[in-house]
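Trainee: First the structure, then my questions, so here it is.
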Amino acid sequence: MTTIALIGPGAVGGTIAAWLAQNPALSVTVCARTPFQGLEIQTPGGMIAASPVVLTDPAKAAPVDWVLIATKTYDTASADGWLDALIGPETRLVVLRNGVEHVESFLDRLPAERIVPAVVDIPAERDAPGRIRQRRDGWIKVPDGEAGRAFVALLAHTPIAAEAVADFRTQAWKKLALNCAGAVNALILQPSGIAHDEGAAQVMRTLVAECVAVGRAQGADLPDDLADAVIEGYRAAAPDGINSLHADRLAGRPMELDARNGVIVRQGTAHGIATPANAMVVALLNAAAIRL
Ligand SMILES: NC(=O)c1ccc[n+]([C@@H]2O[C@H](COP(=O)([O-])OP(=O)(O)OC[C@H]3O[C@@H](n4cnc5c(N)ncnc54)[C@H](OP(=O)(O)O)[C@@H]3O)[C@@H](O)[C@H]2O)c1
């Protein structure tokens with residue numbers, strides 16, 4: 001029996017845990033902050049349910065074959081107790097999150113060859129703990145290699161299009177290009193449809209252009225028209241769609257600002273590439289969160 005522990009059973013983590021649990025050959029444990037009983041996922045193909053073991057205390061956890069972490073990036077440190085308990089000498093860690101620093105964030109715990117970074121495009125929302133709406137089957141991309149292919153095999157029985165790709169870096173930066181533009185929505189508290197406003201769209205293009213310059217310096221193969229493609233994507237999306245940075249700000253939660261825009265500034269600085277637009281949105285969104 002393959003043992004899997006999923007840390008962070010929110011929209012993405014809960015969906016993936018429920019799908020994995022459909023395979024009786026996999027033993028799925030969920031490591032939660034907020035306790036709940038059972039997972040019910042409204043998927044594009046109908047409701048699926050699962051009853052994995054739900055733990056809320058790392059003292060009850062033991063090493064497993066696979067740890068999947070799907071907390072928001074700002075909750076990484078709070079998962080330390082889980083990682084201490086779950087990672088043994090053979091354990092592999094799959095990092096399911098946005099950004100381009102999946103591996104770096106966990107190199108203090110296990111070697112790179114046992115860390116599988118994953119770019120996730122599974123639009124999902126949590127209505128309540130354990131109750132999730134999965135909007136599309138979606139896809140997950142991981143780097144090609146033994147660990148990446150083994151993770152893809154775990155999802156073979158699901159409709160999620162999991163794929164091990166040769167150029168993972170490019171995939172991660174393409175997703176970052178989409179995400180970095182979303183800071184405009186969070187800043188002005190306007191949903192996706194604001195991309196039809198040419199002024200807002202121009203600021204988004206500038207954020208993406210900086211992302212492209214830094215991503216290329218990092219080795220990503222990014223097309224010249226990526227900024228325009230990102231704007232077209234926002235304009236084609238539901239006009240009332242709210243990205244997760246925006247949703248976190250509205251809810252008064254921390255934001256994945258460093259993982260989505262701060263990283264462009266930090267890595268830009270390392271390459272001597274100016275990123276004033278991303279630096280500005282980071283500064284303004286951080287300042288907006290200050291309670292005076
Ligand atoms: N949602 C999407 O459509 C989507 C799509 C693509 C990528 N992503 C990315 O995927 C990642 C996860 O996003 P999400 O939307 O799934 O977030 P989410 O719904 O907020 O879920 C995060 C989960 O982590 C749990 N958590 C936080 N700290 C924890 C801890 N110390 N121990 C155990 N559980 C802990 C939270 O617990 P509580 O129940 O207590 O809140 C919550 O269940 C992010 O990087 C996001 O940007 C999301």
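The values are calculated or read from the model by the stated rules, or taken from the named source; none is laboratory data. Nothing here was measured: the structure is a model prediction, and the numbers come from that model. Reconstructed Cβ throughout: ideal geometry from the backbone, glycine too, with neighbour counts over all protein chains shown. Surface areas here come from the heavy atoms of the whole protein model, side chains and all, with no ligands, DNA or RNA. Shrake-Rupley method; radii C 1.70, N 1.55, O 1.52, S 1.80 Å.
Trainee: So which strands (runs of 3 or more DSSP E) stay within the stretch 110-149 end to end and still have 1 or more residues that are of a type in the set (Phe, Trp, Tyr)? First the steps, then the outcome.
Mentor: Values: elements: 115-121, 124-128, 131-134, 139-143.
Passing ranges, in order: 139-143.
Trainee: While we're here: Inspect the stretch 241-256 for any residue being open to solvent by 10 Å² or more (accessible area, probe 1.4 Å), more than 22 Å from the chain's Cα centre (by Cα) and touching a residue at least 40 places away in the same chain (Cβ under 8 Å) and give the result as yes or no.
Mentor: no
Trainee: Pull up the stretch 34-48, narrow it to residues that are within 14 Å of the ligand (Cβ to nearest atom) and in a strand (DSSP E or B), then point me to the one that is surrounded by the fewest Cβ atoms within 10 Å (Cβ to Cβ). Walk me through how you get there before you give the answer.
Mentor: Pass one, the stretch 34-48, residues within 14 Å of the ligand (Cβ to nearest atom): 34-37, 39, 41-44.
Next, from what is left, pick out any that are in a strand (DSSP E or B): 39, 41-43.
Working: Leu39: 25, Ile41: 22, Gln42: 17, Thr43: 20.
Ranking the candidates gives Gln42 first.
Trainee: Sort out which residues of the stretch 120-145 are more than 8 Å from the ligand (Cβ to nearest atom), of a type in the set (Val, Ile, Thr) and within 12 Å of the chain's Cα centre (by Cα), and write them in order of number.
Mentor: Result: Ile140, single match.
Trainee: Ok, one more. Is it the case, given these coordinates, that Val64 is open to solvent by less than 30 Å² (accessible area, probe 1.4 Å), under 19 Å from the mean Cα position of the chain (by Cα) and either near the ligand (Cβ under 8 Å from one of its atoms) or modelled with pLDDT of 95 or more (or both)? Let's see the steps before the verdict.
Mentor: Working: open to solvent by less than 30 Å² (accessible area, probe 1.4 Å): yes; under 19 Å from the mean Cα position of the chain (by Cα): no; either near the ligand (Cβ under 8 Å from one of its atoms) or modelled with pLDDT of 95 or more (or both): yes.
Criteria not met by Val64.
Trainee: If you scan the stretch 1-33, which residues turn out to be open to solvent by less than 10 Å² (accessible area, probe 1.4 Å), part of a strand (DSSP E or B), of a type outside the set (Gly, Ala, Ser) and touching a residue at least 40 places away in the same chain (Cβ under 8 Å)? Before you say what the answer is, go through the steps one by one.
Mentor: Looking only at the stretch 1-33, we keep the residues that are open to solvent by less than 10 Å² (accessible area, probe 1.4 Å), and these are 4-7, 13-18, 20, 30-32.
Among the residues that remain, those that are also part of a strand (DSSP E or B) are: 4-7, 30-31.
Still in the list and also of a type outside the set (Gly, Ala, Ser): 4, 6-7, 30-31.
The answer is Ile4, Leu6, Ile7, Cys31.
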